[in-house]
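Below: the structure, in structure tokens.
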Ligand code: 3PG
């Protein structure tokens, strides 16, 4: 899928779960648990050794899931993620090299930007969506409101501290394209194979997002 189709899907889904896979065999059951809970996107983070393999497995075995790569820190990881089949790229910070390569290949990329200067750097490369991380520590909704007052053509994907208690507040902001986070599928729940719990958490999150957008 090209950059704009993925961005549309991120907005429609309203949430991008941040997934840490320790054991590659947990990737497909996690993807299926998310799908059963109504979430068809997942960001598998390059924080563990099996991330690329996990992305490839989900891509091949769960065709209804849109799988992206997260915590992409450099071009080497980016190339491995794309090679594995990642359909979108998320970074905790702004890397010009990563963004430029994604743009050349028409791959959706969401870099982390929390300062006006970083947002301007992303904007100057044609991006209109940035990750705001860690959202809770960088001023949360108050900061996003202030930034979106200036950057009216930019939309935000806050992650870091988003949970079921505050998701409605985040999701009801027009400037917030979707929320991200690990709260629907924590590394612990994945490790312990609490897949039904993950499905239930996804359903609750989706419900709250739908209410917030009304
Ligand atoms: C991220 O990579 O976006 C964050 O680690 C997610 O933060 P959370 O665990 O607080 O949801």
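Every read-out reported here was derived from the displayed coordinates using simple, explicitly stated rules and does not represent laboratory data. This structure is a prediction, so every number in the text was calculated from the model and none was measured. Cβ placement follows ideal geometry from the backbone for every residue including glycine, while neighbour counts extend to all protein chains displayed.
Just give me the residues in the range 66-112 being under 14 Å from residue 46 (Cα atoms), out of contact with any helix residue (DSSP H, G or I) (no Cβ under 9 Å at 6 or more places or on another chain) and more than 13 Å from the ligand (Cβ to nearest atom), in sequence order.
76
Within the range 2-19, work out how many residues are farther than 16 Å from residue 197 by Cβ and in contact with a helix residue (DSSP H, G or I) (Cβ under 7 Å, 6 or more places away or on another chain). Give the steps one after another, and end with the answer.
Going through the range 2-19, the residues farther than 16 Å from residue 197 by Cβ turn out to be 2-16, 18.
Now drop any that are not in contact with a helix residue (DSSP H, G or I) (Cβ under 7 Å, 6 or more places away or on another chain), which leaves 14-16.
The total comes to 3.
Return the total of residues in the range 127-142 being surrounded by fewer than 18 Cβ atoms within 10 Å (Cβ to Cβ) and either under 20 Å from residue 98 (Cβ atoms) or free of Cβ contacts under 8 Å to residues at least 12 places away in the same chain (or both).
Qualifying residue count for the region: 4.
Is there any pair with a first residue in the range 110-125 that is without any contact (Cβ under 8 Å) to a residue 12 or more places away in the chain and a second that is outside any helix (DSSP H, G or I) and surrounded by 14 or more Cβ atoms within 10 Å (Cβ to Cβ) whose Cβ atoms are under 6 Å apart and which are 6 or more apart or on different chains, and what are they?
From residues that are without any contact (Cβ under 8 Å) to a residue 12 or more places away in the chain, there are no pairs.
With the structure loaded, tell me whether residue 130 is within 16 Å of the ligand (Cβ to nearest atom) and part of a strand (DSSP E or B) or whether it fails that test. Working first, answer last.
Values: within 16 Å of the ligand (Cβ to nearest atom): yes; part of a strand (DSSP E or B): yes.
The answer is yes for residue 130.
Yes or no, residue by residue, for (1) in contact with a strand residue (DSSP E or B) (Cβ under 7 Å, 6 or more places away or on another chain); (2) free of Cβ contacts under 8 Å to residues at least 60 places away in the same chain; (3) not in a strand (DSSP E or B):
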site: 8; (1), (2), (3): no, yes, yes
site: 11; (1), (2), (3): no, no, yes
site: 16; (1), (2), (3): yes, no, no
site: 21; (1), (2), (3): yes, no, yes
site: 29; (1), (2), (3): no, no, yes
site: 32; (1), (2), (3): no, no, yes
site: 35; (1), (2), (3): no, yes, yes
site: 39; (1), (2), (3): yes, no, yes
site: 43; (1), (2), (3): yes, no, no
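State which residue is nearest to the ligand (Cβ to nearest atom) when the search covers only the range 159-188 and only residues that are in a helix (DSSP H, G or I) and closer than 27 Å to residue 93 by Cβ.
187
Scanning for something within 21 Å of residue 19 (Cα to Cα), within 15 Å of the ligand (Cβ to nearest atom) and in contact with a strand residue (DSSP E or B) (Cβ under 7 Å, 6 or more places away or on another chain), does the range 191-206 turn up at least one residue?
Looking for residues that are within 21 Å of residue 19 (Cα to Cα), within 15 Å of the ligand (Cβ to nearest atom) and in contact with a strand residue (DSSP E or B) (Cβ under 7 Å, 6 or more places away or on another chain), one finds at least one in the range 191-206, hence yes.
Of these, 124, 148, which one is loosely packed, with under 15 Cβ neighbours inside 10 Å, more than 10 Å from the ligand (Cβ to nearest atom) and farther than 12 Å from residue 16 by Cβ?
Residue meeting the stated conditions: 124.
So residue 118 ticks every box in (1) assigned to a loop (DSSP other than H, G, I, E, B); (2) surrounded by fewer than 19 Cβ atoms within 10 Å (Cβ to Cβ); (3) within 16 Å of the ligand (Cβ to nearest atom) but one. Which box is left unticked?
Going through the list (1) assigned to a loop (DSSP other than H, G, I, E, B); (2) surrounded by fewer than 19 Cβ atoms within 10 Å (Cβ to Cβ); (3) within 16 Å of the ligand (Cβ to nearest atom), residue 118 breaks only (1).
If I filter the range 48-63 for residues that are out of contact with any strand residue (DSSP E or B) (no Cβ under 7 Å at 6 or more places or on another chain), surrounded by 24 or more Cβ atoms within 10 Å (Cβ to Cβ) and assigned to a helix (DSSP H, G or I), do I get at least one hit?
no
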